[in-house]
Structures are given as structure tokens and as C-alpha cells.
1. Give the residue that is farthest from the chain's Cα centre (by Cα), with candidates limited to residues of region 14-35 that are surrounded by 10 or more Cβ atoms within 10 Å (Cβ to Cβ) and not hydrophobic (A, V, I, L, M, F, W, C).
2. Condition first: of a type in the set (A, V, I, L, M, F, W, C) and at pLDDT below 80. Now tell me which residues in region 11-59 satisfy that.
3. Quick one: what pairs do we get from region 7-18, first residue closer than 11 Å to MET34 by Cα, second of a type in the set (A, V, I, L, M) and part of a helix (DSSP H, G or I), C-beta under 8 Å, 6+ apart or different chains?
Amino acid sequence: PTTSVGIMKLLDRINRTGTTVLMATHDHGVVDQMRKRVIELEHGRVVRDQAQGVYGFQN
């Protein structure tokens, strides 16, 4: 966990300099923590493209 937190902080710093960071994950917590653009795929097709998105499992 400490390593993944460090990696996420590094990716956030890189992104803040203007560099786009593309990441694929199934970790809901990571997606919800970053709250950046979320593009969701199902069977290779885009089903959602949302700025400031979250994973989508919220009430």
C-alpha cells in the first residue's frame, strides 16, 4: 500500500505539470481518490466518458 500511494502521488505530480497520464485499473478506491476524467469500457467500447468522474458504484 505504501508503494501504491507513492506511485499515485508521483502520477499526480506529473499530471499537474501538464502531462496526460493514462492508467487502467479495476481499483474503485484509486479512481474515486484521483477524481479525474474517467473513460469506462465494456467489451472494448466506450460506455462512459466523464470529467471529474468516479467509478460509479455510489448511491
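The values are calculated or read from the model by the stated rules, or taken from the named source; none is laboratory data. What you see is a predicted model; the values in this text were computed from it and never measured. No Cβ is skipped: glycine too gets one built from the backbone with ideal geometry, and neighbour counts run over all protein chains shown.
1. ASN15
2. Of everything in region 11-59, those that are of a type in the set (A, V, I, L, M, F, W, C) and at pLDDT below 80 turn out to be VAL30, VAL31, MET34, VAL54, PHE57.
3. MET8/VAL30; MET8/MET34; ASP12/MET34
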